[in-house]
Amino acid sequence: MASVYRLTSLASIILAVSAVDLGVPGPWGSADPLVNIHNTGKSEVCYEVEFSSGNFPTPTTCDSRPGFKVAAGQSITLHTGPGFNGALTAITNNIKGARHEINFAASPAGSCWYDVDYQLGMSDSTLGPADHRPRQGNSPSLSGEQDTLAKANAGWPHATNQAQLLQNPKYLQVGGPDGKGQLTHAYMDSEAPEEVVEFFQLTAEFTAYIGPGSVAGQPTQGAMTKAADLKSWIVDTQQMEIVAY
């Protein structure tokens, strides 16, 4: 989705309430909006916080911007308060990764619009309802990719322009002495050329935003826009879960 959110100013920061419960102070109701975050990976993840509505307290920073750290193996519960509409961007070892867009402010009340966005960075991460309920119509509700490299490799044999794609080693690299093996590296950011974006969004069919959708003003008749728009989902709960792998 890649909407532009304002970054909170440190002047308005409120202290976090404990080591495992962050965000707005309690007491919290059983149906209050929250995001459970589980870092199952081997590296610390710092989540940069952006929001366009709501009042989100973040007493710490990620690279001088408001955010919070989740150690390897750690789980935390983030209490956003009502009306939160924003994003949590994962930063690992100073490399920007998945952007988790969460909108508790949209209609209908008690629901959440959400997606994982790989337009500005890529990492192994998923976002969905904390109780793993399906979306309407019993559709899968997990956005993002647990293993982005494996997902890219699944789509690689179907890419008819491999030579062109491999001219962009920042985003795609292959192994093997002849350069014809499996992909050993897959990444995305805002500078990726169109053919790379198309590979991830259309050929490999990532369950995430790769190219901008119509919310970013793109023509709705384009294949890229249609594919991106299909990745913005709604679920009838405001209890969400991020898992970093």
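The values are calculated or read from the model by the stated rules, or taken from the named source; none is laboratory data. Since this is a predicted model, take the numbers as computed values, not measurements. Every residue, glycine among them, receives a Cβ derived from its backbone with ideal geometry; neighbour counts consider all protein chains shown. Remember, those area values only see protein heavy atoms, side chains included, never the ligands or the DNA or RNA. Shrake-Rupley method; radii C 1.70, N 1.55, O 1.52, S 1.80 Å.
Quick notes on this structure:
- Candidate set: the range 52-90, residues that are touching an Asp or Glu at 6+ places or on another chain (Cβ under 6 Å) and either within 20 Å of S30 (Cα to Cα) or crowded, with 17+ Cβ neighbours inside 10 Å (or both); chosen: the one modelled with the lowest pLDDT: C62
- Among residues of the range 18-50 being under 18 Å from A71 (Cβ atoms) and of a type in the set (A, V, I, L, M, F, W, C), the one that is modelled with the lowest pLDDT is A19.
- Scanning the range 181-219 for residues that are at pLDDT below 90 and open to solvent by 40 Å² or more (accessible area, probe 1.4 Å) yields P212, S214, V215, A216, G217, Q218, P219.
- Check on A130, under 11 Å from V235 (Cβ atoms) and among the hydrophobic types (A, V, I, L, M, F, W, C): yes
- Residue match in the range 129-147 (condition: in a strand (DSSP E or B), open to solvent by 10 Å² or more (accessible area, probe 1.4 Å) and among the basic types (K, R)): yes
- The lone exception for P169 - which of (1) over 27 Å from A90 (Cβ atoms); (2) loosely packed, with under 13 Cβ neighbours inside 10 Å it fails: (1)
Every residue, every condition in (1) under 17 Å from the mean Cα position of the chain (by Cα); (2) under 19 Å from M240 (Cβ atoms), yes or no:
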| position | (1), (2) |
| --- | --- |
| E50 | yes, yes |
| S53 | no, yes |
| D63 | no, no |
| G67 | yes, yes |
| T80 | yes, yes |
| G86 | yes, yes |
| I95 | yes, no |
| A98 | yes, yes |
| E101 | yes, yes |
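- Here is the figure for the range 19-51: residues that are open to solvent by 30 Å² or more (accessible area, probe 1.4 Å) and within 21 Å of T92 (Cβ to Cβ) total 8.
- Qualifying residue in the range 130-140 (condition: modelled with pLDDT of 95 or more and within 16 Å of I210 (Cα to Cα)): no
- Pairs with Cβ under 9 Å, 6+ apart, first in the range 69-81 and assigned to a strand (DSSP E or B) and polar (S, T, N, Q), second exposed (fewer than 15 other Cβ atoms within 10 Å of the Cβ) and at pLDDT below 90: S75/V20; T77/V20
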